[in-house]
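See structure below.
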Amino acid sequence: MLITTDYLIIAAYFLIILIVGGLTGRKQSKEEFLISGRKLTALQATSTIFSSRIGAAILLTYTALVYMYGMGALWYFVGSVFGLFVFYFFGLKVKKVADKEKFYTMPDFFFFFKGKTAGYLATIVTIIIMFGWVVLNFTAGAKLVSEYTPISYDMSVIIVGVIILLYLLAGGFDAVVKTDMIQTIGIFLLFVLMMYLLSTTSTKPELAFMDLFTIPASQIISFFLAGFFIPMASPELWQRVYAIKNKKHFRRSILLSSLFYIIVGFILLLIGLVIRIDIPDISADTSLIVGFSRLLPVGLAGLSVVIIYSSVSSSADTYMFTAAASVTQDFLEKTGLSKKENLRKTMRYSLVVLMVLGISMSLILRDIVDATFFFVSLTMSLGLLVLVLWIAPKINKLSVNLAIFFCLIGVIIPAAFVGISEDLVIWAFAFCLGGIAIGLIVQPIRKAFFQPSK
């Protein structure tokens, strides 16, 4: 249980980010509200990229995978290392086009290169992905608080959601960036706590190379593919690429944030292995939470709650803002349902509606691991398409449209009829490739038989 000091720290943390968000929102232009005026420095970009990636998907879900699969879960991070390396070169290309064409969201890339249909389909997928990660982070934060405090799961979701909504309404993307810089400090303190736990526990996990291959081949492939393709289709990462000042700051921020990300991932692996040995037969969903609760002294365990809570919040605000931006700019504005001059007002309405939906879904969906597999699969399959577009930019529009549509079908249908598991990643991967293949086959036939002769 938390002590009075812990509650005061949590209250102070939320008060600080509300003040930062409120002050940030003063005298902002449209460009500043939406994308920080495209002037993020390497330090700002590193902190916001790093803190947004270290959310529920890493802290709780990855630890849960380590708890269930041991060293085999490391394949996710092996994939991430390769994926971030590839994204570095892809991001340099996207940055150049985005600065020239004034991109704001990931679907802008599809609108520009492959037309309206691809853009709208990418918008649907982006909104689902971002909204899903919002729900996942709310769920994780609520489970954390309900484990340590008398505050109920439902009330915790509502409190976090309302606070995030308030500073997003006030400060927009600038508020996300500046609060992320504060939350990065919290993540660093979490790293210190994890090192303390590893140094004081009598359990020493054994890192055996052969243990990487003790899980089934299908799981190895799923974990690796998920890690590799997620950066290619992470809308929040694209948005930060657009917002960075220039290529020099982009290079530094991607390299530094990736390095920190890999270090935290390895430490989490060790923590997960310790918890797996010391506390068997607990729920994998809350293995990190329960592990800190039982293995750390009372005062430090309370501090870990504050820090993990801030990490979850830093990811949730990022995903919420990105989802609202896509709804407003890629759907309402492009379809004429909202005028450009009303963009900030419409954006705020979108934030309110999405937050209400996010809170509602978090009160219903409470399984972190299943939710992660679902949204990771959707992200990964879209990431595959992005990679194909980078390698073969002249691929026809039909292939792109079908691939995005099949990304959705390849996740929803197997999830409904086969169930949600790590195999969902392979289903999504196969459906996306199938959509590309069908487009490549059908397009020449359509041209030959249905295109009017001159």
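Read-outs: derived from the displayed coordinates by stated rules, not from any lab. These figures come from a predicted structure and were not determined experimentally. Cβ: placed from backbone, ideal geometry, glycine included. Neighbour counts: every protein chain shown.
Hey, fewest Cβ within 10 Å first, where do M130, M347 land in order?
Fewest-to-most ranking of M130, M347: M347, M130.
Taking the centroid of alpha carbons for each part, region 222-240 and region 326-397 are 14 Å apart. Between the residues V125, G171, I282, the greatest Cα displacement towards the positive end of the dipole of region 4-387, with unit charges on the Cβ of Lys, Arg, Asp and Glu, is found for G171.
Applying 1/(1 + (r/R0)^6) with r as the Cβ-Cβ distance of L92 and T4 and R0 = 51 angstrom yields a FRET efficiency of 0.55.
Backbone phi angles across region 433-439, fed through the Karplus curve with coefficients 6.51, -1.76 and 1.60 (θ = phi - 60°), yield HN-Hα couplings of 4, x, x, 4, 5, 4, x Hz in residue order; Gly and Pro are listed as x. Charge dipole of region 4-387 (Cα centre as origin; +1 on each Lys and Arg Cβ, -1 on each Asp and Glu Cβ, all else neutral): 1780 debye, rounded to the nearest 20. With 0.36 nm allotted per residue and the present C-alpha distance subtracted, the L337-I282 stretch has 14.9 nm of extension available. Placing a label point 7 Å from the Cα of K397 along the Cα-to-Cβ direction, the residues of region 76-120 whose backbone N falls under 19 Å of that point are 107-120. In the chain, the longest principal axis of the Cα atoms and the axis of helix 298-325 are about 10 degrees apart. Think of it as helices only: each DSSP H run of n ≥ 4 in the chain is worth -39500 (n - 2.57), and spread over all residues that comes to -27000 deg cm²/dmol at 222 nm. Dipole of region 4-387 (Lys/Arg Cβ +1, Asp/Glu Cβ -1, origin at the Cα centre): which of G383, G265, A325 lies farthest to the positive side? Value computed over the given set: A325. Counting every pair of alpha carbons in region 369-415, the share spaced more than 15 Å apart comes to 46 percent. The simple Förster model, with R0 at 41 Å and r as the Cβ-Cβ distance, assigns L300 and L43 a FRET efficiency of 0.90. In the frame of its principal axes, the chain has Cα extents of 80, 56, 42 Å, reported largest first. The Cα atoms of region 315-454 give a gyration tensor whose axes a ≥ b ≥ c have a/c of 1.5 or more with a/b no greater than b/c, which makes the shape oblate.
Considering the dipole of the chain built from charges on the beta carbon (Lys and Arg +1, Asp and Glu -1) around the Cα centre, which of W238, A428, F50 is farthest to its positive end? Value: W238. Please list the non-local residues whose amide H lies under 5 Å from the amide H of I244, H modeled 1.01 Å from N, same-chain partners needing a gap of 5 or more. Those qualifying (amide H under 5 Å, at least 5 residues apart or on another chain) are L40.
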